[in-house]
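Participant: Here it is, the structure, as structure tokens.
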Amino acid sequence: MVAQRMAGKIVALAGPRKSAEMATLVEKMGGTAWLLPAQGTVFLDDAELRKSLEQWLAAPPEWVILTTGMGLDAIFSVAEEAGVAERLLAVLQDSNIAARGYKTVNALKKRGLTPSVRDDDGSTTGLIRSFGETQLQGQRAILQLHGESAPELLAWLTERGADVTQVLPYKHIPPQEEHLEKLLHSIVTRELDAVTFTSRPQIHFLAAYAREKGQFDEMLEAFRDKVVAVAIGKVTAQAMKEEGVEPRVVPEEERMGSMMVELGRYFADRS
């Protein structure tokens with residue numbers, strides 16, 4: 001039965017967003033959810049975004065590279081408040097657009113925009129692959145991020161000769177140390193059966209804390225052993241691999257509900 005797929009399992013939720021809903025899903029499948037955020041509050045930096053937008057519209061680039069639908073929505077929200085939304089739309093219509101992720105493509109679609117380059121698998125690597133031999137030498141590009149840098153993508157664009165300006169609509173705040181301490185302790189002691197990660201910063205914050213405390217190798221061993229590492233999608237899964245953590249559960253559909261269903265299936269198949 002679906003209701004018993006997580007019977008007796010303890011699942012840590014490393015993402016604060018929609019944690020109550022996720023905890024309810026775990027409990028409905030017979031498990032216990034622990035909210036141990038590995039990411040602090042995400043906030044919109046209006047002043048910084050407004051400044052970036054002004055520079056963007058004053059000197060429109062050849063390329064606009066978008067990595068999140070939420071980020072694009074935030075940009076348009078600030079543009080509307082500033083009375084330049086129509087100007088922004090016109091600039092985008094005249095630019096080459098690259099998009100990562102179906103949510104980004106949907107955010108473009110609702111504004112009548114279609115990317116000329118889009119990833120083939122929802123990841124940064126997939127986006128780079130989809131550029132192929134596209135000429136970027138001497139091209140100016142806006143790179144829209146979501147709260148953190150994208151060193152792999154930025155390095156690749158720079159190597160191809162693009163002049164890149166980064167725009168970060170949102171910023172991530174480090175999590176409370178007490179939450180990281182409890183999460184790390186629960187992983188290395190194998191109290192947990194699984195940890196769900198819903199964004200790149202969560203695994204990076206946790207890994208940095210584990211290194212600081214001299215328990216990084218212990219953490220990796222726990223993830224190889226009992227504790228199941230779960231990623232909401234391919235971008236988060238890639239970040240986990242960068243830290244040496246192999247995600248064992250990654251749903252095809254990048255949604256929190258799908259992630260929990262897939263985790264429940266994982267446990268059921270091994271019971």
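Participant: Report whether or not Ile75 is closer than 19 Å to Leu49 by Cβ and modelled with pLDDT of 95 or more.
Facilitator: Against the criterion (closer than 19 Å to Leu49 by Cβ and modelled with pLDDT of 95 or more), Ile75 does not qualify.
Participant: Where the second residue is basic (Lys, Arg) and not in a loop (DSSP other than H, G, I, E, B) and the first is free of Cβ contacts under 8 Å to residues at least 60 places away in the same chain and open to solvent by 30 Å² or more (accessible area, probe 1.4 Å) and lies in the stretch 242-271, which pairs have Cβ atoms under 9 Å and are six or more apart or on separate chains?
Facilitator: Correct list of pairs: Glu242/Arg200; Glu246/Arg224; Val250/Lys234.
Participant: Quick check: is even one residue across the stretch 98-119 aromatic (Phe, Trp, Tyr), open to solvent by 30 Å² or more (accessible area, probe 1.4 Å) and at negative phi?
Facilitator: So in the stretch 98-119, the residues aromatic (Phe, Trp, Tyr) come out as 102.
If we keep only those that are open to solvent by 30 Å² or more (accessible area, probe 1.4 Å) as well, we get 102.
When the remaining residues are screened for being at negative phi, the result is 102.
Yes, because at least one residue in the stretch 98-119 is aromatic (Phe, Trp, Tyr), open to solvent by 30 Å² or more (accessible area, probe 1.4 Å) and at negative phi.
Participant: Failed condition for Glu133, given (1) part of a strand (DSSP E or B); (2) more than 30 Å from Leu36 (Cα to Cα); (3) of a type outside the set (Ser, Thr, Tyr), with all others met?
Facilitator: Of (1) part of a strand (DSSP E or B); (2) more than 30 Å from Leu36 (Cα to Cα); (3) of a type outside the set (Ser, Thr, Tyr), only one is false for Glu133: (1).
Participant: Tell me the residue from Glu27, Glu62 that is within 30 Å of Arg111 (Cα to Cα), of a type in the set (Asp, Glu) and more than 23 Å from the chain's Cα centre (by Cα), please.
Facilitator: None of the other options fit; the residue is Glu62.
Participant: Please name all residue pairs, on different chains or six or more residues apart, with Cβ atoms under 6 Å, provided the first residue is in the stretch 81-92 and is β-branched (Val, Ile, Thr) and the second residue is open to solvent by 30 Å² or more (accessible area, probe 1.4 Å).
Facilitator: Taking only residues 6 or more apart or on different chains, the pairs are Val91/Pro60.
Participant: Something else about it: For the stretch 219-241, which residues satisfy the criterion of being touching a residue at least 24 places away in the same chain (Cβ under 8 Å), closer than 22 Å to Ser123 by Cβ and among the basic types (Lys, Arg)?
Facilitator: If the condition is that a residue be touching a residue at least 24 places away in the same chain (Cβ under 8 Å), closer than 22 Å to Ser123 by Cβ and among the basic types (Lys, Arg), then Lys234 is the only one that fits.
Participant: Are there any pairs, at least 6 apart or on different chains, whose C-beta atoms fall under 9 Å, with the first in the stretch 39-60 and acidic (Asp, Glu) and the second at pLDDT below 95 and open to solvent by 90 Å² or more (accessible area, probe 1.4 Å), and if so, which?
Facilitator: From residues that are acidic (Asp, Glu), the pairs are Asp46/Glu81.
Participant: Do you know which of the residues in the stretch 194-215 that are of a type in the set (Lys, Arg) and assigned to a helix (DSSP H, G or I) is modelled with the highest pLDDT? Reasoning before the result, please.
Facilitator: Taking the stretch 194-215 and keeping what is of a type in the set (Lys, Arg), we get 200, 211, 213.
With the extra rule that they be assigned to a helix (DSSP H, G or I), the set shrinks to 200, 211.
Numbers: Arg200: 84, Arg211: 97.
Top of the filtered list is Arg211.
Participant: Can you tell which of Glu254, Glu218, Glu191 is part of a loop (DSSP other than H, G, I, E, B) and at pLDDT 95 or above?
Facilitator: Of the residues listed, the single one that is part of a loop (DSSP other than H, G, I, E, B) and at pLDDT 95 or above is Glu191.
Participant: While we're looking at this one, here's another question. Given Lys9, Lys51, Lys18, which one is basic (Lys, Arg) and in contact with a Gly (Cβ under 8 Å, 6 or more places away or on another chain)?
Facilitator: Within the list Lys9, Lys51, Lys18, the selection yields Lys9.
Participant: In this structure, does Ala33 turn out to be at pLDDT 85 or above, farther than 18 Å from Ile187 by Cβ and of a type in the set (A, V, I, L, M, F, W, C)?
Facilitator: No.
Participant: Looking only at strands (runs of 3 or more DSSP E) that lie completely in the stretch 13-86, which have at least 1 residues being farther than 25 Å from Gln176 by Cβ and either touching a strand residue (DSSP E or B) at 6+ places or on another chain (Cβ under 6 Å) or open to solvent by less than 50 Å² (accessible area, probe 1.4 Å) (or both)?
Facilitator: Passing ranges, in order: 63-66.
Participant: Also, I was wondering about something else. Please name all residue pairs, on different chains or six or more residues apart, with Cβ atoms under 7 Å, provided the first residue is in the stretch 11-31 and is without any contact (Cβ under 8 Å) to a residue 12 or more places away in the chain and on the phi < 0 side of the Ramachandran plot and the second residue is among the small types (Gly, Ala, Ser) and assigned to a strand (DSSP E or B).
Facilitator: Glu27/Ala33
The values are calculated or read from the model by the stated rules, or taken from the named source; none is laboratory data. Keep in mind that what you see is a predicted model, and the values were worked out from it rather than measured. Cβ atoms come from the backbone with ideal geometry, glycine included; neighbour counts cover every protein chain shown. What goes into the accessible areas is simple: the full protein's heavy atoms, side chains included, and nothing from ligands, DNA or RNA. Shrake-Rupley method; radii C 1.70, N 1.55, O 1.52, S 1.80 Å.
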